[in-house]
Amino acid sequence: MSGGGMWELRRDEITGWWSATVVDREFASERFHEARLSGAREASCANCEKGESSGIARRMLRQGAFHSVGTRSDAAAGDAGFMTLSDVDRAGSWSTLIAPRGEHRELDEVPTVLVVEFLTAIRDQIRAAREHGATAYIQFVRNAAAQAGAMTDHLCFESYDLPQVPHRLAEEIGGSARLSIRSGGCAYCNMVEDEVASGRRLVHRDPYGAVIAPFASRSAFETWVIPNNHAADFGDVDTATLRGFAETLQAAVKGLRAIGMPPYNLLLHTAPLRERVDATYHWHWEIHPRLRPIGGLELASGVPVVPIAPEEAAAELRKALA
């Protein structure tokens, strides 16, 4: 069937959020191949200028980039419960972890040791922030290509030092705790076990982690990269686990070559800096390819529209890893 338009409304069992998945349209690869739009090239790359000849460097882009003012009424009242301008030197930074000078390859193309160095730097930054105690959460992301928000095609990870826990993460933490009370165990551990058993949405599995296409995907070819060992806080991960999981993460990125390596966002979800949710939460990475613009239905309803079922997406991604 070349047309299509039958949508399944699917509910994320952890957050309770809904998405609309097209299930009656045949896969056509040309619908998902878009040109990579890059930022600065080698000749004018600021990260190359700031980077080291080897190893990972941290480039501070803005100290005090985030300042919480709350609602319009809160701002007008000058609510003392929010950060004041005198706090911005202690928290709210925006920085980037950058690969060595001249490194413009993708994550699945570089030596695994470089990915390990990135993951180690991320872990250590989380540990330092947790000990400092001046902020609530550090959001790490990799923006690949201009369509995903990148200003350069230099291999790097952005870090945003947030004075509050992101809403998406709070929903995951609360939802996984409720599922744990109701069903027992970790919701993410149970999910991986179920997906491995069925195989329908499993993209990759190795001794360190699993790559799955979530049942209620929010974007086409979305995948979650979930470690095998249960842990809530990425800051607690030991070096041996990082070394193995780096290969799992590279496999997840390599799968995108099934659709031409499109622009994508790679996001870390981990425990907040000031909370201990060890028993019920599970750190993981999410990959969201940027394959289509957001439509009016999504803006109006808040329900993401996904033009390919995750079961079919997983099958295509597996081909790139075969």
**OP:** Write out, first by first residue and then by second, each pair whose Cβ atoms fall under 9 Å of each other, whose residues are 6+ apart or on separate chains, and whose first residue, in the range 92-106, is closer than 30 Å to residue 130 by Cα and touching a residue at least 12 places away in the same chain (Cβ under 8 Å) while the second is acidic (Asp, Glu) and part of a loop (DSSP other than H, G, I, E, B).
**Re:** 98/52; 100/52; 101/52
Subject >> Some residue of the range 277-294 being of a type in the set (S, T, N, Q) and in a strand (DSSP E or B) >> reply: no
Original post:
Of 267, 256, which residue is surrounded by fewer than 20 Cβ atoms within 10 Å (Cβ to Cβ), within 15 Å of the chain's Cα centre (by Cα) and of a type outside the set (D, E, K, R)?
Top reply: 267
**OP:** Could you please find all residues in the range 8-50 being more than 20 Å from residue 294 (Cα to Cα), modelled with pLDDT under 65 and either under 25 Å from the mean Cα position of the chain (by Cα) or among the acidic types (Asp, Glu) (or both)?
**Re:** 38, 39, 40, 41, 42
**OP:** For the range 272-288, state whether one or more residues are within 16 Å of the chain's Cα centre (by Cα), in contact (Cβ under 8 Å) with a residue 60 or more places away in the chain and over 26 Å from residue 135 (Cα atoms).
**Re:** yes
Original post:
Given (1) at pLDDT 95 or above; (2) more than 19 Å from residue 282 (Cα to Cα); (3) in contact with a Lys or Arg (Cβ under 8 Å, 6 or more places away or on another chain), where does residue 212 come up short, assuming only one miss?
Top reply: (2)
Subject >> Candidate set from the range 162-186 (those that are of a type in the set (Gly, Ala, Ser) and free of Cβ contacts under 8 Å to residues at least 12 places away in the same chain); member that is farthest from residue 231 (Cα to Cα) >> reply: 183
Original post:
Looking at 134, 129, which is the one that is over 19 Å from the mean Cα position of the chain (by Cα), over 14 Å from residue 249 (Cα atoms) and crowded, with 18+ Cβ neighbours inside 10 Å?
Top reply: 129
Original post:
Which strands (runs of 3 or more DSSP E) does the range 198-250 wholly contain that include 1 or more residues that are among the hydroxyl-bearing types (Ser, Thr, Tyr) and within 22 Å of residue 10 (Cβ to Cβ)?
Top reply: 223-227
Subject >> Any chance residue 266 is outside any helix (DSSP H, G or I), hydrophobic (A, V, I, L, M, F, W, C) and within 17 Å of residue 110 (Cα to Cα) >> reply: yes
Subject >> Options 237, 225: the member that is closer than 23 Å to residue 274 by Cβ, out of contact with any Pro (no Cβ under 6 Å at 6 or more places or on another chain) and aliphatic (A, V, I, L, M) >> reply: 237
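The values are calculated or read from the model by the stated rules, or taken from the named source; none is laboratory data. Keep in mind the model is a prediction, meaning the values are calculated, not measured. Glycine also receives a Cβ, built like all others from the backbone with ideal geometry; neighbour counts cover every protein chain displayed.
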